[in-house]
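Student: Structure in structure tokens, see below.
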Amino acid sequence: MQVRAAEAQFKAAELQVDVAKQAVEEAASELEIENLTAPFYGVVTSVDVEEGDIIPNSGMSQVTIVHLIDPSSMELGVDLDEIDIPGVALDQRAIISVDALPDVQLEGNVTSISPLPTVEAGVVLYNVKIGFDVPQGSGLKVGMSATADIIINERSGVLLVPDRAIKQDSQGNPVVWVMVGEQIEQRPVIVGISDGFQTEIIQGLSEGETVVMEMGVGVQPSTGPSGGRGIMPMMPGAPHPGPAPES
């Protein structure tokens, strides 16, 4: 009888142990649910819930609990119109200028391009996101206004002339006017990329030649012949981006 009683007590104790283990597992599971783990290290900027709030867990709605940012990297959203968007691709380099920090120039890359447009005042726009690292001590803050030049094409060591120096001949081919001695002659050229202000000259001009440009009405050039033309020496260009859509 004593053996059977001891066996019954042992089984009851085992059952109590199993129940306790289950309680511990349930408590650990609840604790894991209550502890939210961020996907990255950062700074909490705001908490949108209070102790005691009930957060729905139906999966049908999303509730913002905490705003967390990584101050070492940021993302800039820009809207490009339908004319510029065909030349934009993922990982293209972008130069970012911040209105409040004119001496700070940041460099980033295109991280996403929205496949769907928005229409504002009849203009079709596509949202593009540019990711970039934030230099320490730059003073950059979330929410500051900024613009970005997305570099579509890039050249280095090229000859550049102002766009307004390039004209067209009777066949529509690009030409420039060049000083040769004391005479001005028309020179056919082959042009490359342009940023809307300066254009690459691939063939037709050499470094050191002088290009003649049309002057505005009523403006007299300081040197050079009459006829409303100004004179500008042809200089080698520094590395210069091609057409760059701007936010």
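The values are calculated or read from the model by the stated rules, or taken from the named source; none is laboratory data. As the structure is a prediction and not an experimental result, all values here were calculated from the model. Note: ideal-geometry Cβ built from the backbone for every residue, glycine included; neighbour counts use all protein chains shown.
Student: Please work out if Leu160 is of a type in the set (A, V, I, L, M), under 26 Å from Pro102 (Cβ atoms) and either assigned to a strand (DSSP E or B) or out of contact with any Cys (no Cβ under 8 Å at 6 or more places or on another chain) (or both).
Tutor: Working: of a type in the set (A, V, I, L, M): yes; under 26 Å from Pro102 (Cβ atoms): yes; either assigned to a strand (DSSP E or B) or out of contact with any Cys (no Cβ under 8 Å at 6 or more places or on another chain) (or both): yes.
Judged against the criteria, Leu160 is a match.
Student: Still on this structure, I have one more. What are the residues in the stretch 73-101 that are hydrophobic (A, V, I, L, M, F, W, C), free of Cβ contacts under 8 Å to residues at least 40 places away in the same chain and within 12 Å of Ser112 (Cα to Cα), if any? Even if it seems obvious, please write down each step before you answer.
Tutor: As a first pass, look at the stretch 73-101 and keep what is hydrophobic (A, V, I, L, M, F, W, C): 74, 76, 78, 80, 83, 85, 88-90, 94-96, 98, 100-101.
Then keep just the ones that are free of Cβ contacts under 8 Å to residues at least 40 places away in the same chain; that gives 83, 89-90.
Within the stretch 73-101, Ala89, Leu90 qualify.
Student: If you check Val78, Val44, which single one turns out to be touching an Asp or Glu at 6+ places or on another chain (Cβ under 9 Å) and either at pLDDT below 75 or part of a strand (DSSP E or B) (or both)?
Tutor: On the way: Val44 fails: touching an Asp or Glu at 6+ places or on another chain (Cβ under 9 Å).
None of the others qualify; the one that does is Val78.
Student: Could you say which residue among Gln186, Gln198 is in contact with a strand residue (DSSP E or B) (Cβ under 7 Å, 6 or more places away or on another chain), modelled with pLDDT under 90 and not assigned by TED's automatic domain parsing to the domain that holds Gly77? Explain how you work it out, then say what you get.
Tutor: Values: Gln186 fails: modelled with pLDDT under 90.
Answer to the selection: Gln198.
Student: Condition check: at pLDDT 85 or above and in contact with a Ser or Thr (Cβ under 6 Å, 6 or more places away or on another chain). Does Asp169 satisfy that?
Tutor: On the way: at pLDDT 85 or above: yes; in contact with a Ser or Thr (Cβ under 6 Å, 6 or more places away or on another chain): no.
Considered against the rule, which asks whether it is at pLDDT 85 or above and in contact with a Ser or Thr (Cβ under 6 Å, 6 or more places away or on another chain), Asp169 comes out as no.
Student: Mind listing just one residue for me: the one in the stretch 200-215 that is of a type in the set (D, E, K, R) and surrounded by fewer than 16 Cβ atoms within 10 Å (Cβ to Cβ) and, of those, farthest from the chain's Cα centre (by Cα)? Outline the logic, then answer.
Tutor: Our first condition is that a residue be of a type in the set (D, E, K, R); within the stretch 200-215, this holds for 200, 207, 209, 214.
If we keep only those that are surrounded by fewer than 16 Cβ atoms within 10 Å (Cβ to Cβ) as well, we get 207, 214.
Values: Glu207: 34, Glu214: 37 Å.
It comes out as Glu214.
Student: How many residues, within the stretch 185-211, are out of contact with any helix residue (DSSP H, G or I) (no Cβ under 8 Å at 6 or more places or on another chain) and among the aromatic types (Phe, Trp, Tyr)? Spell out how you get there, then give the answer.
Tutor: Of the residues in the stretch 185-211, the ones out of contact with any helix residue (DSSP H, G or I) (no Cβ under 8 Å at 6 or more places or on another chain) are 185-193, 195, 200-210.
Retained after the next criterion (residues that are among the aromatic types (Phe, Trp, Tyr)): none.
Result for the stretch 185-211: 0.
Student: Among the strands (runs of 3 or more DSSP E) contained in the stretch 93-150, which hold 1 or more residues that are out of contact with any strand residue (DSSP E or B) (no Cβ under 9 Å at 6 or more places or on another chain) and over 18 Å from Ser73 (Cα atoms)?
Tutor: Numbers: elements: 93-98, 101-113, 118-120, 123-133, 146-150.
Those strands (runs of 3 or more DSSP E) span 101-113.
Student: Filter the stretch 169-201 down to residues that are outside any strand (DSSP E or B) and of a type in the set (S, T, N, Q), then give me how many there are. Break it down stepwise before answering.
Tutor: Pass one, the stretch 169-201, residues outside any strand (DSSP E or B): 169-173, 181-182, 189, 195-197.
Right, trim to of a type in the set (S, T, N, Q) and you get 170-171, 173.
The number of residues fulfilling the criteria is 3.
Student: Right, here's the next one. If the Cβ limit is 8 Å and pairs must be 6+ apart or interchain, which residue in the stretch 152-167 that is touching a residue at least 60 places away in the same chain (Cβ under 8 Å) and farther than 18 Å from Gly204 by Cα pairs with which residue that is part of a helix (DSSP H, G or I) and of a type in the set (Asp, Glu)?
Tutor: none
Student: Quick one: Gln183 ticks every box in (1) touching a Ser or Thr at 6+ places or on another chain (Cβ under 7 Å); (2) of a type outside the set (Phe, Trp, Tyr); (3) without any contact (Cβ under 8 Å) to a residue 12 or more places away in the chain except a single one, so which number is it?
Tutor: Condition (1) is where Gln183 drops out.
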